[in-house]
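The values are calculated or read from the model by the stated rules, or taken from the named source; none is laboratory data. Predicted model, so just to flag it, every value in this text is computed and none were measured. We place every Cβ from the backbone using ideal geometry, glycine too, and count neighbours over all the protein chains shown.
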Amino acid sequence: MPTAAATEGDGLDEAVTIGVSIHVPEPYGSLVQDARAGHGDPQARSIPTHVTLLPPTETRTGFLPVVERHLRAVAAAQRPFRMLLQGSGTFRPVSPVVFIRVEEGAQECRVLEAEVRSGPLARELAFPYHPHVTVAHGVPEPALDAAYEAARGFRAVFEVAEFVLSRFGADAVWRPCSAFRFGAG
């Protein structure tokens, strides 16, 4: 798994997996989670509905203050923007994923992703960055087809004014641990 740089220390700090994302607000977040669950996606309830900015990245707990300082600086330089989620897309056949497209706000997500994934969080990606909201992942082909059709009519509009640092728990659940408001000093 990719690793963010670790601090020198006494070896007592633990490995932790982090991610950074834009969370999709309610009621849209729950609607997407319900759709994921309905398509049989086993991760439906363990991942808040989101647009990824930094995919799962392993680091050390002792390095988290450096990560948080970096994320605060990135967020401070940003302005809120409008996001429109609309329609469906897929990464098949490369990856068994169906998603909701980011129709407006995609360029802002690309800028944010590049800024977040710099400095202490610099790392290579397995695939080129493509902002999206997953609605089905790793389920059988008929479920992916159904998810694609169902997501075609999805539409959500909201303002993005922050991103969130989350940690992956031992119970395989992603939990938000810090939010970083745009323009905050």
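Table for the structure above
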quantity: Among residues of segment 73-101, those that are within 17 Å of the chain's Cα centre (by Cα) and part of a helix (DSSP H, G or I), counted; calculated: 2
quantity: Any hit, segment 134-144, residues being under 26 Å from Thr17 (Cβ atoms) and free of Cβ contacts under 8 Å to residues at least 24 places away in the same chain; calculated: no
quantity: Residue match in segment 21-29 (condition: surrounded by 19 or more Cβ atoms within 10 Å (Cβ to Cβ) and small (Gly, Ala, Ser)); calculated: yes
quantity: Subset of segment 144-185 [acidic (Asp, Glu) and in contact with a helix residue (DSSP H, G or I) (Cβ under 9 Å, 6 or more places away or on another chain)]; calculated: Glu162
quantity: Failed item in (1) under 23 Å from Arg69 (Cβ atoms); (2) more than 14 Å from the chain's Cα centre (by Cα); (3) modelled with pLDDT of 95 or more; (4) not polar (S, T, N, Q), with Pro176 passing the rest; calculated: (2)
quantity: Residue in segment 85-104 that is in contact with a Phe, Trp or Tyr (Cβ under 8 Å, 6 or more places away or on another chain) and of a type in the set (Lys, Arg) present; calculated: no
quantity: Members of segment 49-87 found to be under 23 Å from Val160 (Cα atoms), small (Gly, Ala, Ser) and crowded, with 17+ Cβ neighbours inside 10 Å, listed by number; calculated: Ala75
quantity: So Ser166, is it within 24 Å of Phe81 (Cβ to Cβ), of a type in the set (Ser, Thr, Tyr) and surrounded by 14 or more Cβ atoms within 10 Å (Cβ to Cβ); calculated: yes
quantity: Hits in segment 139-160 - residues which are of a type in the set (A, V, I, L, M) and under 19 Å from Asp41 (Cβ atoms); calculated: Val139, Ala143, Leu144, Ala146, Ala147, Ala150, Ala151, Ala156
quantity: Condition met for Phe154 (among the aromatic types (Phe, Trp, Tyr), under 28 Å from Ala75 (Cβ atoms) and surrounded by fewer than 13 Cβ atoms within 10 Å (Cβ to Cβ)); calculated: no
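Rundown of residues vs (1) β-branched (Val, Ile, Thr); (2) on the phi > 0 side of the Ramachandran plot; (3) surrounded by 15 or more Cβ atoms within 10 Å (Cβ to Cβ), yes/no style:
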residue	(1), (2), (3)
Gly89	no, no, yes
Pro93	no, no, no
Val97	yes, no, yes
Glu103	no, no, no
Glu113	no, no, yes
Gly119	no, yes, yes
His137	no, no, yes
Ala146	no, no, yes
